[in-house]
Every structure is written in C-alpha cells, then in structure tokens.
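This report concerns only the one structure given below.
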Amino acid sequence: VTMSSSNGPKGGSGRGGNASSMLAVPTTDLMSALKSDCLDRMNDTGDKKSWRNRKEALDEVDAVLGKCGGLLSTEGKAFVQLKQLAANLRLRINDSQSNLKPLAASVIGSLLSHLDDTAQAKLGPVVFPALVNAAMNDMKKTMRDAAVSALVLGTDSPKQNGGGTNAASVEAFILSLESELSDAAIKSSGL
C-alpha cells in the first residue's frame, strides 16, 4: 500500500517529480527474528546427532516465516543475510538425513513467497538449480513434490504485491532449468 503526495505549488495529483511516499507495506527483518546461531546450527555436521540441530534450525526459520504476515526486509545488509540463508537452505536440499530435504525445500518456498518481486528474482538463481535437480532426480515423491511447490512459490508474486506471475523470477527459473537439463535428463522416461 503506497500513497503519494505532491510537494508541488498547487498540491497537484501526485504526478511529477516531487511525489513522495507517505505509506508503505511494513516489512520484517527475518534474520533479527532468528537466534544468532541459527545458520551455524543449520550447517552443523559434527556428529551423528547433529541432524537434530539442523532440523531445529530449519523449524525455527519455518516458524518465523509462518508468523510473518507480510514481506521480508531486503534493504542493504538484510538482503546479504537473506542470500546467505538461501545458500545454507540450498545445502540442506542435499542433506544426508533424507527427512530434512523436503523440509528445506518447503522453507525455501516459504522464504521466496515472502520476498518482493525484485529480491525474489535475485535469490532465485541461488536456490532454483538445486530445486530443479531435486524435482527431476530425487527418488522420493515427497521431495519431488516439495521441490516443485517451492519452485511454484518462487515464481509467483507475493499476495502483498497483487499475486500473479513474477516475470523476472520466471526468467531466472528458466535459466536454472536450462543449466540443469542434460541429454540424459531429457531422455529420462519420467521427465
């Protein structure tokens, strides 16, 4: 929701170079809502029980995203931190603990669905190749379904922006799809 005002001499209709935004959609800083060691726990591979730390970190991100009713902040440092989070989530798509893979994919989808169109298109290339690979090649149907759902959420504009398809994000998806396809994958019977 944005309302423009004009600072022009006649207080015009808001058209012209002096229009300024008075209202804007509030955003949430995701990384400040998470515990400071969340990324470290998400990448913990120290021992056999470390998968619990990774699951707790994924659940924490999922819970914070579930409470977020609007868009995530993507200004300055917040975007850099979101990109780091997306890279860490991408690693969990190939986790050695198979029950964490679909959870990671669904958290990625939720993350992408809370981003504005521009940020979604910028973060898409970080996670789309891994999601495409999982959607085509994973042996478990739950993982394939979670990956496809995340791709759908990652190419749709958020409800706060009016919904529909995000053309810039779809372009990033197509480039990722093209990079992941090989002759063997195209000739695969299930694909």
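Just one of the numbered conditions (1) closer than 17 Å to residue 175 by Cβ; (2) free of Cβ contacts under 8 Å to residues at least 40 places away in the same chain is not true of residue 128: (2). Residues in region 92-147 that are among the small types (Gly, Ala, Ser) and not in a helix (DSSP H, G or I): 96, 98. Restricting region 66-83 to residues that are touching a residue at least 40 places away in the same chain (Cβ under 8 Å) and part of a helix (DSSP H, G or I), the residue that is most open to solvent (accessible area, probe 1.4 Å) is 83. Residues in region 44-58 that are assigned to a loop (DSSP other than H, G, I, E, B) and not acidic (Asp, Glu) were compared, and the one that is farthest from residue 98 (Cα to Cα) is 46. So which of 63, 86 is closer than 23 Å to residue 142 by Cβ, loosely packed, with under 15 Cβ neighbours inside 10 Å and among the aliphatic types (A, V, I, L, M)? One residue alone meets the criteria, 63.
Restricting attention to region 20-32, and to residues there that are open to solvent by less than 60 Å² (accessible area, probe 1.4 Å) and within 16 Å of residue 86 (Cα to Cα), which single residue is modelled with the highest pLDDT?
31
Screening region 138-191 for residues that are at pLDDT 85 or above and over 25 Å from residue 92 (Cα atoms) and picking the one that is surrounded by the most Cβ atoms within 10 Å (Cβ to Cβ) gives 168.
Yes or no, residue by residue, for (1) open to solvent by 30 Å² or more (accessible area, probe 1.4 Å); (2) of a type in the set (Lys, Arg); (3) touching a residue at least 60 places away in the same chain (Cβ under 8 Å):
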{"residue": "92", "(1), (2), (3)": "no, yes, no"}
{"residue": "97", "(1), (2), (3)": "yes, no, no"}
{"residue": "106", "(1), (2), (3)": "yes, no, no"}
{"residue": "110", "(1), (2), (3)": "no, no, no"}
{"residue": "121", "(1), (2), (3)": "no, no, no"}
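The values are calculated or read from the model by the stated rules, or taken from the named source; none is laboratory data. All figures in this text were calculated on a predicted structure; none of them were measured in a lab. Here Cβ is always computed from backbone atoms with ideal geometry, including for glycine, and neighbour counts include all displayed protein chains. Just so you know, the surface numbers come from the protein's heavy atoms only, side chains and all, with ligands and any DNA or RNA stripped out. Shrake-Rupley method; radii C 1.70, N 1.55, O 1.52, S 1.80 Å.
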